[in-house]
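The values are calculated or read from the model by the stated rules, or taken from the named source; none is laboratory data. Please read these numbers as outputs of a predicted model, since none were measured by experiment. Neighbour counts run over all protein chains shown; Cβ positions are idealised from the backbone, glycine included. For accessibility, only protein heavy atoms count, side chains too; no ligands or nucleic acids. Shrake-Rupley method; radii C 1.70, N 1.55, O 1.52, S 1.80 Å.
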Amino acid sequence: MLRTLLRRATGSGCPRHDPWRLTATMSYSSKDKKSTVKKAKKGKDKNDPAAATDDAVSDVDAALFDEKARARRLQADENDPSLDVGPNGRPLFTATPTLSQLTRKDACSYFKLKMEELNNVLPEGLPLGMVKEFEDAMQSAVLVRQSFLDLRDNFRWIVDPPLHSSTTKGTKVRKQIVLDGPVSCGKSIALSMLVQWARGEGWLVLYVPRGRDWTYGGFFYKNPQTGLWDTPVQAENILKDFLKFNESRLKQLFCQIFDPIPLGEGAGVGWMKDGIDTMAMPDGSTLYDLVDTGIKHTHAAVGVVVRLRKELSLVKDIPVLIAIDQYNSWFTFSEYEEPVTVRSTRPIHAKELATVKAFRSMRHDDLMVGAFSHSTAVGKLRQDLPEVPTDARVNFPRYTLDEAAAVCHYYLRQRLIRREAFTEENWKKIYYLSNGNGAEIRWLVPLMRGDGMQADG
């Protein structure tokens, strides 16, 4: 009943937000009008459906009122720097202005982000875990973790070897990394922060925040020339996403492969007429021209994505990084099925899709990082993945005790925890109960009570 009322309350009369993107309208303002909380009338029959509906509406109004009141208090708290205190009296927020300048001294502190800048640098979308964190905390800030700093420095040292040799002798760097680890350990957030850092350094980054989107939906056709399955709708979306942040950079990079682009079936329109099966790019074409061709010509979309992967390997003027979230969805079956008989079909593996096959392999010399996502329900994969170096898989940890201390102090600052209930004993109970799971910690901290870890009712 409560969910139904919430859906109605957020229906056509209210603005809808892209769940993958933070917008200015999601700012946490304290100027909202006071909400009126309806009180249930005495003497109503508990079994009366109308009475139950009124009670549910009252609960919704009360919840909205509490959130607005919290937002107003947080707005006032911005003027009180004495609240920004972390464990052992350390500053809760780092004063370091950029991700590039963060050091080990900044670990276990929070790095504030501006929503507008974040949306500009990650126009492909944000990880759901990051969006949920920002919404619950009513603050766009991320925890600086040592595991992220190690990931960033790994790729930084590859591009700048002298810095690596002078600061960290004996540390092995990897050009290809697969971020593995338990659910809700922060893999997707770390990957998005890596992309943000790389783009801030001027790198060319192909960022795929939802790799599973490559494996379902739209049209799919088997290409008789390649034996692979073409997905022109997905290919067009891939190219559009790549263009969002990189357009100006792509206009400066010239194509280095001059073979004609193979054409396939277009989305819902079949093959080209007159038997045309290739398209030549004009002399002097840039990578922008290549991507734009795939967007404008549906028959060329898949061929352009495959060609783009080859072109990225040839770019030497600037560092190129390929970052794939939900990478594990490329090692299992897609949602497509091939008819075998009148009554049976065969599931099509993701590696049989032309776009996935072009980007899945890590057996090359390019910089590439993929993150596993347990939200895709792929299941546990074997340790030795095909087309992935044996030493590429890195276990990304959940929160350490020190990190959990900073997180709980941050949630205290953001009024998710009652100050009178906040004790070292209580937050440690939450940490051990959740086993360092970030999402579970965020869910449990509002249940903290002054008499211990007990929820009402």
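Data table
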quantity	calculated
Flag for residue 192 being open to solvent by 10 Å² or more (accessible area, probe 1.4 Å) and either without any contact (Cβ under 8 Å) to a residue 40 or more places away in the chain or in a helix (DSSP H, G or I) (or both)	no
Matching residues, region 376-410, being out of contact with any Lys or Arg (no Cβ under 9 Å at 6 or more places or on another chain), among the small types (Gly, Ala, Ser) and touching a residue at least 12 places away in the same chain (Cβ under 8 Å)	379
Filtered residues of region 390-420 (kept if touching a helix residue (DSSP H, G or I) at 6+ places or on another chain (Cβ under 9 Å) and of a type in the set (Gly, Ala, Ser))	404, 405, 406
Of all residues making up region 377-431, the number that are β-branched (Val, Ile, Thr) and open to solvent by less than 50 Å² (accessible area, probe 1.4 Å)	6
Test: residue in region 199-208 that is farther than 26 Å from residue 120 by Cα and exposed (fewer than 14 other Cβ atoms within 10 Å of the Cβ)	no
Wholly enclosed strands (runs of 3 or more DSSP E) of region 323-423 bearing at least 2 residues within 27 Å of residue 193 (Cα to Cα)	367-371, 393-395
Count of residues meeting criterion [open to solvent by 40 Å² or more (accessible area, probe 1.4 Å), over 18 Å from the mean Cα position of the chain (by Cα) and under 28 Å from residue 188 (Cβ atoms)] in region 209-227	3
Residue, most open to solvent (accessible area, probe 1.4 Å), within region 73-98, restricted to residues that are part of a loop (DSSP other than H, G, I, E, B) and more than 29 Å from residue 195 (Cβ to Cβ)	79
All positions within region 273-306 that are within 21 Å of residue 242 (Cα to Cα) and open to solvent by 70 Å² or more (accessible area, probe 1.4 Å)	296, 297
Verdict on residue 183 being under 19 Å from residue 390 (Cα atoms) and surrounded by fewer than 24 Cβ atoms within 10 Å (Cβ to Cβ)	no
Those residues of region 134-150 which are open to solvent by 10 Å² or more (accessible area, probe 1.4 Å), assigned to a helix (DSSP H, G or I) and touching a residue at least 40 places away in the same chain (Cβ under 8 Å), in sequence order	135, 136, 146, 147
Selected residue (criterion: surrounded by the fewest Cβ atoms within 10 Å (Cβ to Cβ)) from residues of region 99-123 that are more than 18 Å from residue 191 (Cβ to Cβ) and hydroxyl-bearing (Ser, Thr, Tyr)	103
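One line per residue, one yes/no per condition, for (1) surrounded by fewer than 19 Cβ atoms within 10 Å (Cβ to Cβ); (2) within 20 Å of residue 366 (Cα to Cα):
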| residue | (1), (2) |
| --- | --- |
| 241 | no, no |
| 253 | no, yes |
| 259 | yes, no |
| 271 | yes, no |
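Condition check ((1) more than 30 Å from residue 112 (Cβ to Cβ); (2) touching a Gly at 6+ places or on another chain (Cβ under 6 Å); (3) acidic (Asp, Glu)) across all residues:
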residue	(1), (2), (3)
335	yes, no, yes
341	yes, no, no
347	yes, no, no
353	yes, no, no
358	yes, no, no
368	no, no, no
397	no, no, no
405	no, no, no
